[in-house]
Amino acid sequence: MKKICFITSSRAEYGLLSGLMKTFYDSPEFEFQLIATGMHLSEEFGFTYKDIEDDGFDIDIKVDMKHVSDSPIDITRSIGHGHIGFAEAFERLGPDMIVVLGDRYDIFPGVIAAMIARIPIIHIHGGESTEGVIDEAIRHSITKMAHLHFTATEEYSNRVVQLGEQPSSVYNVGSLGIDNIHKLKLLSKSELEKKIGFKFGKKNLLITFHPSILESNSTDYQFKQLIRALSKLKETHLIFTKSNADQGGRAINHLIDEYVKDHPSNSISFVSMGQLNYLSTMKIVDGVVGNSSSGIIETPSFSIGTVNIGERQSGRVKSKSVIDCNANETDIYEAIQKLYSRKFQMICKKSSNLYGKPGASDRIFRIIKNYDFNEILKKKFYNIKCNF
């Protein structure tokens with residue numbers, strides 16, 4: 001039996017991976033291993049490793065990266081702790097391959113440790129582009145260390161090949177997020193209201209905003225502009241999901257706490273909603289506002305609009321149901337008004353999700369199961385013929 005080790009560091013990435021994890025967990029052909037790290041082990045971010053255990057998974061090792069703050073020096077220190085922790089974890093578990101998703105700095109040291117230990121690396125959701133954050137460089141770095149690639153669109157597959165990866169190692173399988181929407185039995189409005197302790201209003205928006213540290217305006221400035229735009233809305237209930245542990249994330253969370261404290265009748269916030277509650281909320285609300293990838297990848301499947309603020313998601317493939325706007329009060333407010341317009345609502349209903357169809361988990365499982373891992377570590381750079 002091959003030992004396949006999944007690494008998860010955040011609520012969002014675990015939400016995407018959980019269905020695929022279950023497929024391998026239930027398979028008699030693989031020995032399933034799991035490492036939890038990053039925000040999962042932080043009380044500040046909800047100790048979400050408990051959600052993983054509640055879902056029935058056994059966590060083999062917790063790699064504590066010792067998150068202290070979101071300052072550059074403390075994030076760098078956390079990565080250093082991660083290098084040591086992952087090296088020791090792999091020495092103990094002896095996996096035949098590891099699986100990682102995305103671009104976060106807290107899975108990066110795991111990938112480096114696996115590369116040095118000569119463990120094949122399987123990378124999901126590579127080839128994407130997020131020009132407003134350092135995740136852009138981390139994602140492409142992981143691609144260069146990985147050996148098998150599962151992308152969400154054809155454009156992203158082409159980008160992975162453009163980075164020098166052999167076409168035979170790159171598979172466009174679609175997004176795991178689409179799988180979750182179709183596999184999970186989402187809650188009804190009344191069930192969700194009871195579960196989260198919040199009554200939906202006449203109008204409802206889901207707000208998810210993360211730091212975008214490479215933009216010219218500060219994260220603090222951008223989120224204050226968003227708050228001002230939201231404050232102008234009438235008869236609108238707001239559901240905030242808090243930011244991650246990136247640089248500037250704590251400042252956003254503090255501003256969310258202040259807003260909800262001042263507007264208890266029509267707003268609520270969550271450190272972690274969990275995949276079921278989050279997607280159930282998305283099914284009920286009128287639209288998603290912020291700069292999260294979920295507004296680009298999952299939201300179009302619900303035939304509702306997304307107001308995508310700033311440059312964080314610049315470079316991603318976007319459906320017609322996504323409205324891009326600048327990170328200032330006026331543009332954000334106008335974008336939300338457009339989201340509610342009859343014309344745009346019709347566009348959302350007719351728009352298709354560009355991130356594939358259900359079945360990504362099954363496709364990934366079949367490919368890994370039948371893949372010949374002999375000689376996989378001997379990577380060769382694939383040269384594209386260019387006419388300059």
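Laboratory data are not the source of any read-out in this text; all were calculated from the coordinates shown. This one's a predicted model, so the numbers in the text were calculated from it and none came from an experiment. All Cβ positions, even for glycine, are placed from backbone atoms using ideal geometry, and neighbour counts span all protein chains on display.
Filter the trypsin sites (Lys or Arg not before Pro) in segment 338-388 to those in DSSP coil with at most 12 other Cβ atoms within 10 Å of their Cβ, and list the result.
For trypsin sites (Lys or Arg not before Pro) across segment 338-388 that sit outside H, G, I, E and B with at most 12 neighbouring Cβ atoms in 10 Å, the list reads Lys378, Lys380, Lys385.
Beta carbons within 10 angstrom, averaged per residue: use that to sort the peptides 109-120, 170-181, highest first.
170-181, 109-120
Rounded, prolate or oblate for segment 187-350? Axes are the square roots of the Cα gyration tensor eigenvalues, ordered a ≥ b ≥ c, and the cut-off for rounded is a/c under 1.5.
The shape class here is rounded.
Which angle between 0 and 90 degrees, to the nearest 10, do you get for helix 135-145 versus the longest principal axis of the chain when only C-alpha atoms count?
Computed tilt is about 20 degrees.
Give me D for the chain in µm² s⁻¹, whole number, from Stokes-Einstein with Rh from the Kirkwood sum over alpha-carbon pairs, 37 °C and 0.692 mPa s.
Estimated via Stokes-Einstein, D reaches 153 µm²/s.
Please provide three numbers in whole Å: the alpha-carbon extents of segment 306-364 along the principal axes, with the largest listed first.
Sorted from largest, the Cα extents of segment 306-364 read 44, 27, 13 Å.
Using a basic spin-label model with each label point 7 Å from the Cα along Cα→Cβ, how many nm lie between Lys66 and Asn387?
Here the modelled spin labels are 5.6 nm apart.
With θ set to phi - 60° and the Karplus curve 6.51 cos²θ - 1.76 cosθ + 1.60, what are the ³J(HN,Hα) couplings of segment 291-299 in order, to the nearest whole Hz, using x for Gly and Pro?
Residue by residue, segment 291-299 yields 9, 8, 5, 5, x, 8, 8, 8, 4 Hz.
What is the calculated FRET efficiency for Lys22 to Lys357, with r their C-beta to C-beta distance and R₀ = 25 Å, to the nearest 0.05?
So, using R0 = 25 Å, E works out to roughly 0.80.
Exceeding 24 Å between C-alpha atoms, which entries from my cross-link table qualify? They are Lys194/Lys261; Lys189/Lys349; Lys62/Lys185; Lys66/Lys224; Lys22/Lys66; Lys62/Lys378.
Flagged as over cut-off: Lys62/Lys185; Lys66/Lys224; Lys22/Lys66; Lys62/Lys378.
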